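To start, the structure itself, in structure tokens.
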Amino acid sequence: MDIWTYESVEYVTVAGEAWLASASEYPRSIQALWRERPWAATVLPCGRVFDVVSLPGLPGRRVLEELWTTGPGCGPAASSRGRLLLFARPGTAERLGPLLRWEEWGPGTPAALCHGAGDAVTVPPLQRMVDAPDSPGLGSGRWIVAPDQREPWLPDAGVLLRACVRAARRTARERVLPARGENRFQSEGADC
């Protein structure tokens, strides 16, 4: 049975595979491993080809939504163990962490783990089996936006900072607006 055609739900293209493998000191060895086990998660170093910004699940989804709705889109993105992994330009981790901690943005900005030079991350398998678990914390992760090019577009620290701040501000507005609506209806009910 051809695992790529019949049992695969998600997969990385050949060009995307080459890009991911180029992060390793031994790209041919990584590709050989993937030929034998395309469903295996792999640990790859950050800092050379990409950095990775890891965000908690819900805030991460909101940042991803901001990247897509207000621009400019995103590069490869994955979910793993309840976190969203955004692949970014090398050097982003070093700049983004301090920018997100800057007090001006407030406590609502997402708690990001920024992985750059000297760090490594576990990337999801090149393909995912049909019966792979979807539950957070189970399995080895999945691609949300799988790498599909030899040189995919990657956001930098500025793009991700703007998306994080917009997502935090939108979340804060959503928390405030329903509370006002509830108070208004409660007081109107008391007057009746």
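Before moving on, here are some points about what is shown:
- Counted charge near Leu44, where neighbours are those whose Cβ lies closer than 11 Å (Asp, Glu -1; Lys, Arg +1): -1
- Estimated distance in nm for a label pair at Trp68 and Thr122, the labels positioned 7 Å out from Cα along Cα-to-Cβ: 2.5 nm
- For Val121, residues with placed amide H under 5 Å, excluding near neighbours: Leu44, Cys46
- The residues neighbouring Ala93, those whose beta-carbon lies less than 14 Å from its own, together hold a net charge of 0 under the Lys/Arg +1, Asp/Glu -1 convention.
- In order along the range 144-152, the Karplus-derived 3J(HN,Hα) couplings, from 6.51 cos²θ - 1.76 cosθ + 1.60 at θ = phi - 60°, round to 8, 10, 6, x, 10, 9, 5, 9, x Hz, and Gly and Pro are given as x.
- Nearest-0.05 FRET efficiency for Arg28 and Leu58, computed from C-beta distance (R0 30 Å): 0.15
- The residue list Trp34, Thr70, Gly91 was ranked by how far each Cα lies along the charge dipole of the range 10-108 toward its positive end, using unit charges on Cβ atoms, and Trp34 comes out on top.
- Segment Ala111-Glu94, extension gain: residue separation times 0.36 nm, minus the distance between their alpha carbons: 4.6 nm
- Ligands, DNA and RNA aside, Trp19 has an accessible area near 10 Å² when probed at 1.4 Å.
The values are calculated or read from the model by the stated rules, or taken from the named source; none is laboratory data. Remember, it's a predicted structure, so these values are computed and weren't measured experimentally. Note: ideal-geometry Cβ built from the backbone for every residue, glycine included; neighbour counts use all protein chains shown. All accessible areas refer to the heavy atoms of the entire protein, side chains included, with ligands and DNA or RNA removed. Shrake-Rupley method; radii C 1.70, N 1.55, O 1.52, S 1.80 Å.
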